1. State whether one or more residues within region 611-621 are crowded, with 19+ Cβ neighbours inside 10 Å, touching a helix residue (DSSP H, G or I) at 6+ places or on another chain (Cβ under 7 Å) and part of a strand (DSSP E or B).
2. Going by the structure shown, is residue 607 touching a helix residue (DSSP H, G or I) at 6+ places or on another chain (Cβ under 8 Å), surrounded by 15 or more Cβ atoms within 10 Å (Cβ to Cβ) and not in a loop (DSSP other than H, G, I, E, B)?
3. Show the residue pairs meeting these rules: Cβ distance below 7 Å; 6+ apart or different chains; first residue within region 702-727 and not assigned by TED's automatic domain parsing to the domain that holds residue 648; second residue assigned to a loop (DSSP other than H, G, I, E, B).
4. If only one of 375, 389 is assigned to a helix (DSSP H, G or I), over 27 Å from residue 283 (Cα atoms) and not assigned by TED's automatic domain parsing to the domain that holds residue 523, which one is it?
5. For residue 479, only one of the following conditions fails: (1) in a loop (DSSP other than H, G, I, E, B); (2) touching a residue at least 60 places away in the same chain (Cβ under 8 Å); (3) under 30 Å from residue 621 (Cβ atoms). What is its number?
6. If you scan region 230-258, which residues turn out to be in a helix (DSSP H, G or I) and within 17 Å of residue 192 (Cβ to Cβ)?
7. Select from region 287-310 the residues that are in contact with a helix residue (DSSP H, G or I) (Cβ under 9 Å, 6 or more places away or on another chain), closer than 20 Å to residue 348 by Cβ and surrounded by fewer than 21 Cβ atoms within 10 Å (Cβ to Cβ) and list them in ascending order.
8. I'm trying to understand the selection: among the residues of region 151-171, which are out of contact with any helix residue (DSSP H, G or I) (no Cβ under 9 Å at 6 or more places or on another chain) and either without any contact (Cβ under 8 Å) to a residue 40 or more places away in the chain or surrounded by 14 or more Cβ atoms within 10 Å (Cβ to Cβ) (or both)?
């Protein structure tokens, strides 16, 4: 008779009970594994607490079952004794052979599978029903985040051969639930429209398809409620409170209604403002930083900004952990509040070490030379902020993060940790542009702004247009010397054909080379010097303007070679080059041809642009420019160096280059523009966001007034001769290049002026 002793300890007994069916101990002669289909026998052996030749007991059997069950590979485990042979019988859990989706339009299948891996579900993994339930909830949560509250997720599990299963997620996304109404109850001081304007969430509008602001999100609603609170607090309502918020959805899951109940309270004034504590800085200097004064309407923003301004001022002197705490005293009867700003400067701190990480290609020195904070020097927040700004403006990195952690074990030291994320700085661009004056412009540009990680810039460009054809090669070393003196070398070839413009017709072909230097005077100011040679061949039509023919001594062609020296000064405090909100740009430049070749002339230009953000998203700009040019010695001023105005980049509403002195063709009797040696230009422009795209960094609307004119050599500057225009503009930094679209109306055009109501420019001439 075959002896067979069953331990038959199920996984449940092994896990939840310490008792087992009693069996006589025996010495294991062999071990056999049965029931496995995918799992290797060696895997089972590795988890068994007993080997051949050892004595098997009830305790060891219980341990073996627990160990095998805890692997997660098996849903049932049995251990038996057949003539002293230990038989381990297992029933494997099913494995996921494939995962399919249907109905998923908002999320690609590969992204869905990637997300399921985060909850432990992927092909070839062990099938776990509890994890599958979690996956359903996670998928549904993703759809809820998109505002699809009617979305349903159903899971179908189909068995396959070899103990495998196929999992299919059947999804019905449904329509996006829209916010149909936002109702604010309890407002008396402000209109409903004023309060709704503080919300990012809104009811459907013509731009909702783009920014999805009509889709409900709990996080966005919380942010909007805080914005509403800040709005009231900044208007003096110190006791403002949001009593409750209700969000309801219609039974068909299509419409959402939001109701916010508020209590405004009374409007408070500031009765007194005081400073207390160890200020260190003269009190008069700190008072100049205060944005709150006695008699002002209470504003939480101004109180917060005052604390920050005082703290920043102290941190400039090394007090990195200065704390400024505004303590209010509220008089509810008179509706006033007094504030005492308690100043605790803490210890003075210095920077022990500057660490740079993340620069895999860019050399350390390229980053460190932009840092204005020095090691072993007192901490200065203004220098640290300026350092981050300078590193960012190199445009070598997609992200720049600056941290100042305290040094462990000290109370007066910090490290400056600069973490950067490299981005591609080299590009090959094939571009096409469209301009109302240039026509179609084609170009190819090869740029490397961080050549071999040195921070040097190399650029080769070819651009062709109806008027200008340019070939150029340039190299710039921004740190030619350790002090920050830059050096650039330029080579170029330029062909000009003005026959399609309003100015006098001529062709020119120029080539040359130059070297330039930039010398920083401080953080905002710099001087520029340059020396360039230019060789120009001019060709005039047989019926060309007499002024042009006189310059070429009545010949149809001539050469005009020159050696030109240039000098300039620039002051730039703009917060951004692309979308400026605040700051000033001043530029004074002059060039003069040295009396060693054919030309003897000079040109002087001055530009002053002022930007001021009058309130969030709205920026006012004033720009003024003046230019003067003349010849010296016995030679005439070269007409192809004249100033021109008119067009999308100067006085809008007038044809490109059409302002200024007029000549008359001797044959056709048609007028043409000569340009001039003097120019005046003024622009006043209000930049504002496009409705529905308040936070967009790509689009900008503007309303403008332009004024300007060009004057000939025998004319004086005259404000009475200025041409004026007004209109609206749209700027879009598109993937194809910057787009400028302008609708302008000349205000005082004269007979013979060439006007143009719609002007545009698409693409950038490099």
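The values are calculated or read from the model by the stated rules, or taken from the named source; none is laboratory data. It should be emphasised that the depicted structure is a prediction, and the values quoted were computed from it without experimental measurement. We place every Cβ from the backbone using ideal geometry, glycine too, and count neighbours over all the protein chains shown.
1. No, there is no match, as no residue in region 611-621 is crowded, with 19+ Cβ neighbours inside 10 Å, touching a helix residue (DSSP H, G or I) at 6+ places or on another chain (Cβ under 7 Å) and part of a strand (DSSP E or B).
2. Numbers: touching a helix residue (DSSP H, G or I) at 6+ places or on another chain (Cβ under 8 Å): no; surrounded by 15 or more Cβ atoms within 10 Å (Cβ to Cβ): yes; not in a loop (DSSP other than H, G, I, E, B): yes.
So residue 607 does not fit the description; no.
3. none
4. Numbers: 375 fails: assigned to a helix (DSSP H, G or I).
One residue alone meets the criteria, 389.
5. The failed condition is (3).
6. Residues satisfying the conditions are 231, 232.
7. 289, 309
8. Step one: list which residues in region 151-171 are out of contact with any helix residue (DSSP H, G or I) (no Cβ under 9 Å at 6 or more places or on another chain), which gives 156, 158-166, 168, 170.
156, 158, 161, 163, 164, 165, 166, 168, 170 - these are the residues of region 151-171 that are out of contact with any helix residue (DSSP H, G or I) (no Cβ under 9 Å at 6 or more places or on another chain) and either without any contact (Cβ under 8 Å) to a residue 40 or more places away in the chain or surrounded by 14 or more Cβ atoms within 10 Å (Cβ to Cβ) (or both).
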